[in-house]
1. Just give me the residues in the range 128-166 being of a type in the set (Asp, Glu) and touching a residue at least 40 places away in the same chain (Cβ under 8 Å), in sequence order.
2. List pairs: first in the range 100-113 and in contact (Cβ under 8 Å) with a residue 40 or more places away in the chain, second β-branched (Val, Ile, Thr) and assigned to a helix (DSSP H, G or I), Cβ under 8 Å, 6+ apart or cross-chain?
3. Can you name the residue in the range 133-147 that is buried (at least 18 other Cβ atoms within 10 Å of the Cβ) and more than 10 Å from the chain's Cα centre (by Cα) and, of all such residues, is modelled with the lowest pLDDT?
4. Residue check: is Ile217 at pLDDT 90 or above, farther than 26 Å from Glu142 by Cα, of a type in the set (A, V, I, L, M) and over 22 Å from the mean Cα position of the chain (by Cα)?
5. State whether the residues of the range 189-196 include one that is within 27 Å of the chain's Cα centre (by Cα), at pLDDT below 90 and assigned to a loop (DSSP other than H, G, I, E, B).
6. Scan Leu89, Leu103, Leu110 and give me the residue that is within 13 Å of the chain's Cα centre (by Cα), at pLDDT 90 or above, surrounded by 12 or more Cβ atoms within 10 Å (Cβ to Cβ) and within 26 Å of Arg143 (Cβ to Cβ).
7. Under 8 Å by Cβ, and 6 or more places apart or on different chains, what pairs join a residue from the range 27-55 that is closer than 12 Å to Lys65 by Cβ with one that is modelled with pLDDT of 90 or more and of a type in the set (Gly, Ala, Ser)?
Amino acid sequence: MSAGIGKGSRKAPSPATPADSDTPHYHGHRDRLRTRFREAGAETLPDYELLELLLFRSIPRRDVKPLAKELIQRFGSFAEVLGAPAARLAEIDGVSETVALDLKVVEASLKRMAKGAVGKRPVLSSWSSVLDYCRMAMAFAEREQFRILFLDKKNILIADEVQQTGTVDHTPVYPREVMRRALELSASAIILVHNHPSGDPTPSGADMRMTRELVDIAKPLGVAIHDHIIVGRDGHASFRSLGLI
């Protein structure tokens with residue numbers, strides 16, 4: 001009688017372990033992306049992958065790569081995603097109110113950091129920080145804003161105020177009100193800042209006329225206008241660098 005394999009001795013296939021069957025496929029991707037960020041630095045990551053890292057905590061149980069790519073495609077860049085209004089972010093499928101809020105908290109944190117770099121040093125000796133702050137604060141706003149940085153005799157920031165908010169292509173500016181506020185704060189100098197939501201920071205004729213009027217009013221009052229900066233998605237323009245002040 002030949003030997004055979006009985007029913008009780010047949011080896012059953014090994015069942016899949018819980019880790020094999022229950023772990024979503026994107027968990028390995030998350031670990032790899034975190035490792036790349038930790039070991040190679042943020043500068044090695046494209047915008048959508050840096051955005052993924054933020055979304056990991058807001059959306060722990062979903063593959064967020066498609067969402068990150070869609071957000072970048074819709075708004076244009078990592079910075080523009082953070083700068084987008086919460087209502088527009090929420091138009092994207094998968095962006096809940098909580099996710100939109102988390103992104104706006106990150107944006108607010110970056111603005112606070114940029115403002116901190118400006119507030120404790122003479123402004124004219126840390127000009128790149130001033131430009132970084134102005135772009136962070138205003139470049140991606142959907143409506144024009146007119147902001148003034150008020151400085152003391154040592155060019156230290158006294159106050160940073162948005163004076164007016166207008167439409168997509170116009171903000172009303174009242175030069176005498178600007179000077180009144182400068183005198184209230186005992187400011188020795190001011191820096192004018194506004195944004196162009198179109199993205200192009202090139203000064204308009206109206207921008208130049210308003211600036212000349214402000215210079216004419218400020219001079220007899222002993223208030224210097226150091227610069228008028230226009231910021232947009234495509235860069236910035238400095239009236240002083242352009243020889244307009």
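1. Glu142, Glu144, Asp160
2. Filtered contacts from the range 100-113: Leu103/Val81.
3. Ranking the qualifying residues of the range 133-147, first place goes to Cys134.
4. When the stated conditions are applied, Ile217 passes them.
5. Checked against the condition, which is being within 27 Å of the chain's Cα centre (by Cα), at pLDDT below 90 and assigned to a loop (DSSP other than H, G, I, E, B), the range 189-196 yields no hits at all.
6. Answer to the check: Leu103.
7. Going by the 8 Å Cβ cut-off, the qualifying pairs are Tyr48/Ala68; Glu49/Ala68; Leu51/Ala68; Glu52/Ala68; Leu55/Ala68.
Rundown of residues vs (1) at pLDDT 90 or above; (2) over 22 Å from Phe140 (Cα atoms), yes/no style:
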position	(1), (2)
Ala19	no, yes
His29	no, yes
Arg34	yes, yes
Val81	yes, no
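The values are calculated or read from the model by the stated rules, or taken from the named source; none is laboratory data. Predicted, not measured: the structure shown is a model, and the values here were computed from it. Neighbour counts run over all protein chains shown; Cβ positions are idealised from the backbone, glycine included.
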